[in-house]
1. Taking all protein chains in place and a 1.4 Å probe, what share, in percent, of the accessible surface of segment 138-391 do carbon and sulfur account for?
2. For the pair S105/D60, report the inter-label distance in nm, with labels modelled 7 Å from Cα in the Cβ direction.
3. Please give the per residue accessible area of segment 138-391, computed with a probe of 1.4 Å over protein heavy atoms only, in Å².
4. Report the gain in length on full extension from D184 to N383: 0.36 nm times residue separation, minus Cα-Cα distance, nm rounded to one decimal.
5. Using the scaling law 2.2 N^0.38 Å as the reference, what is the normalised Cα Rg of segment 138-391?
6. Over segment 138-391, what is the percentage of antiparallel beta bridges among all DSSP beta bridges, to the nearest 5?
7. Pairs K51/K139; K329/K350; K139/K296; K161/K373; K55/K96; K66/K370: which exceed 31 Å Cα-Cα?
8. Using C-alpha positions alone, give me the convex hull volume of segment 320-395 per residue in cubic angstrom.
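The values are calculated or read from the model by the stated rules, or taken from the named source; none is laboratory data. Keep in mind that what you see is a predicted model, and the values were worked out from it rather than measured. A quick note on method: Cβ atoms are made from the backbone with ideal geometry, for glycine too, and the neighbour counts reach across all protein chains shown. The area values use the complete protein model at the heavy-atom level, side chains included, leaving out ligands, DNA and RNA. Shrake-Rupley method; radii C 1.70, N 1.55, O 1.52, S 1.80 Å.
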Amino acid sequence: MTVSSLQATRSRWQSLGSVRRVVQALCFPALQLHTTSSVMQVSQEEFEKAKEQLKSLKEDPGNEVKLKLYGLFKQASQGPCNVPKPGMLDFVNKAKWDAWNSLGSLSKDNARQAYIDLVSSLVSMKSPKEKTASDSKSKYQTLEVITQDNITKIMLNRPQKKNAITTQMYNEIMQALEEAGKDDSVITVFTGSGDYYCSGNDLNNFMNIPPSGKEKMAEDSAVMLEKFVSHFINFPKPLIAVVNGPAVGISVTLLGLFDIVYATERATFQTPFSQLAQSPEGCSSFLFPRIMGFAKANEILIFNKVLTAVEACDRGLVTEVFPDTTFQKEVWARLKNYAKLPKNSLAFSKQLIRGMDKEKLHIVNTQECKLLKERWLSDECMNAIIDFFQKKSKL
Ligand code: COA
């Protein structure tokens, strides 16, 4: 290496600023010792700010980074590690101790600066999805949301689990709807990825009982469900379901709140509520009898009858059924044309049509969620869900 290339390398290294300081602090604590005097006092204020910023991280940075942060934080606030080494089997505390101890006699100031820099590099770091997508909607982990040709498409994106709706997905759908309601698109379309439209509520939502107990879990789930369904009741623009395959549970009951439902002939519609000792939601207890009459609605909502796409269409739940081979092509061509219509005219017409029932729908939603909360706490329901997973584990 020549003198000039060495100088060039050195100046590039110096110009890397914050990255350099982080790497120095993390990898070369000994080197840092020699540069202590050149580092300016780091204000406590900046350090406090970094601590706050850390809370805004959307993604878990991983254990390695968390340990580095822990070590730097301890070094910055207490100085060199001064507590006894935990026993070998105390894995977590031993890892934390190692992270702190590895910083040697790094000064508090340098540790504080390294901590600030590491936090700032994490906060500005984007997820791989965000890096490649130009629009901010790629922040969703369980959905794919795209706005194109005046259409916002919200696609459930857990095909390996038949697009079962987890708590995270419930929250992401609400966020996507809020954004779609305000964006420039004319219509909003819901669909699923893979061979299913959606297999309904992810039954694991009921299996992970938190330490706060199942009453609290049922209460929280009921509050979330009510809020979730409210997002559909209040949605201001035409909402269209492109049912690309079988639909189960809440993905079916919500269809009464959609303005148009297009289905592939391969789709089926099933609400296995009594099989799971549950009860209807999504305002279906009010809208299904209104759409298809009590006699037909009861067969579905109480007795779990599975409808083919054609039967669902005959009962008025589905607008039109398409051959599976041409489904996507035909439906999207039609939707692109609809999306050329005047935006406000479509939105106001939808609001007029739905507005009459809005208050009633919110009341129904509240009652449905209240009953469901009781059902979730029943032994009947718990046993039915355990049965589902036991049957699966025996396969
Ligand atoms: N909740 C949790 N996991 C679900 C799910 C749900 N609602 N639906 C599907 N899955 C999971 C399966 O457990 C399976 O996971 P695994 O690969 O880790 O075993 C995976 O998705 C694929 O499903 P699988 O059952 O193997 O596919 P299938 O084609 O044989 O059956 C269904 C598909 C949807 C008929 C079946 O999974 C099912 O009955 N799911 C439950 C539907 C339900 O009751 N929903 C709640 C309504 S209130």
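1. 55 percent
2. Between S105 and D60, the simple spin-label model gives 3.8 nm.
3. 45 Å²
4. Between D184 and N383, full extension yields 67.0 nm more.
5. In units of the globular-protein estimate, segment 138-391 measures up at 0.97.
6. If I count the DSSP bridges inside segment 138-391, around 30 percent turn out antiparallel.
7. Among K51/K139; K329/K350; K139/K296; K161/K373; K55/K96; K66/K370, the Cα-Cα distance tops 31 Å for K139/K296; K66/K370.
8. 176 Å³
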